[in-house]
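This report refers to the structure that appears directly beneath it.
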Amino acid sequence: MTKIFSWYCRGLEGLMALMLAIMVVMVFGNVVLRYGFNSGITVSEEVSRWLFVWMTFLGAIVAVREHGHLGTDMLIAKLPTWGKKLCLVVAHVLMLFASYLLLTGSWQQTLINWDVSAPTTGASVAIFYVVGVLFGVSAIVFLLYDLWRALSGQLSDAELVMVHESEEQGDIDKINAELARRDAEEAAQRRTNNPKNGR
């Protein structure tokens with residue numbers, strides 16, 4: 001399941017990069033055409049705005065998967081394991097509810113605006129809202145998976161704290177966890193390679 005999620009997020013990151021490239025070309029091209037040739041790309045502003053909204057929501061999906069949203073861990077980090085697990089479960093239930101509200105609201109707006117045409121492109125305005133549906137479904141799947149891992153005891157004590165005060169602290173925690181894992185592997189390797197004293 002983790003590999004599927006990783007591939008999905010990599011695909012979203014590639015899509016975001018493509019959207020950003022299209023935005024840069026359209027906006028920069030529009031500026032050059034306006035000031036240099038007294039012309040312009042008519043759909044530039046509308047398409048760029050839609051791409052920006054899509055990029056924001058796709059980035060939020062990746063952040064949900066990678067636990068990249070910032071939070072306050074000052075209290076949670078000091079709690080015992082059962083307290084961390086309780087806070088994680090409560091937070092995930094609340095996030096699931098918020099994602100459900102976003103999903104249902106976006107779906108209703110998509111249906112309402114399905115036949116409404118955008119002023120310059122003539123495309124359906126539902127394109128603007130359907131990304132909320134994609135975010136809602138993706139976030140709910142990721143949150144349910146993390147919640148299941150927490151309830152089934154698959155998360156370590158460090159993984160139970162899924163938010164950090166800053167991005168740097170999150171990176172430091174990941175590095176420390178990786179170093180601790182390597183140290184444990186090296187210690188286990190030394191125990192298997194070296195005979196016990198007295199034998």
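Looking only at segment 1-22, residues that are surrounded by 15 or more Cβ atoms within 10 Å (Cβ to Cβ) and either out of contact with any Phe, Trp or Tyr (no Cβ under 7 Å at 6 or more places or on another chain) or under 30 Å from residue 149 (Cα atoms) (or both) come to 5 in all. Filter segment 38-48 for residues that are of a type in the set (A, V, I, L, M, F, W, C) and at pLDDT below 80 and give the result. Once the filter is applied, which keeps residues that are of a type in the set (A, V, I, L, M, F, W, C) and at pLDDT below 80, segment 38-48 yields 41, 43.
Residue 32: at pLDDT 80 or above and either over 30 Å from residue 148 (Cα atoms) or in contact with a Lys or Arg (Cβ under 8 Å, 6 or more places away or on another chain) (or both), yes or no? Answer is yes for this residue. For residue 171, the test of being in a helix (DSSP H, G or I), modelled with pLDDT under 80 and either within 21 Å of residue 103 (Cβ to Cβ) or of a type in the set (Asp, Glu) (or both) is passed.
Okay, residues lined up against (1) buried (at least 19 other Cβ atoms within 10 Å of the Cβ); (2) acidic (Asp, Glu); (3) out of contact with any strand residue (DSSP E or B) (no Cβ under 9 Å at 6 or more places or on another chain):
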site: 54; (1), (2), (3): yes, no, yes
site: 59; (1), (2), (3): no, no, yes
site: 66; (1), (2), (3): no, yes, yes
site: 74; (1), (2), (3): no, no, yes
site: 86; (1), (2), (3): no, no, yes
site: 98; (1), (2), (3): no, no, yes
site: 114; (1), (2), (3): no, no, no
site: 138; (1), (2), (3): yes, no, yes
site: 149; (1), (2), (3): no, no, yes
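Checking segment 44-52 against the condition returns no match, with no residue being β-branched (Val, Ile, Thr), under 24 Å from residue 133 (Cβ atoms) and exposed (fewer than 15 other Cβ atoms within 10 Å of the Cβ). For segment 57-76, the count of residues that are part of a helix (DSSP H, G or I) and over 19 Å from the mean Cα position of the chain (by Cα) is nonzero. The lone criterion from (1) in contact with a Lys or Arg (Cβ under 7 Å, 6 or more places away or on another chain); (2) modelled with pLDDT of 85 or more left unmet by residue 139 is number (1). Contact annotation: no residue pair with Cβ atoms under 6 Å, 6 or more positions apart or on different chains, pairs a residue in segment 49-69 that is modelled with pLDDT of 90 or more and β-branched (Val, Ile, Thr) with a partner that is outside any helix (DSSP H, G or I) and exposed (fewer than 15 other Cβ atoms within 10 Å of the Cβ).
The values are calculated or read from the model by the stated rules, or taken from the named source; none is laboratory data. Remember, it's a predicted structure, so these values are computed and weren't measured experimentally. Cβ: placed from backbone, ideal geometry, glycine included. Neighbour counts: every protein chain shown.
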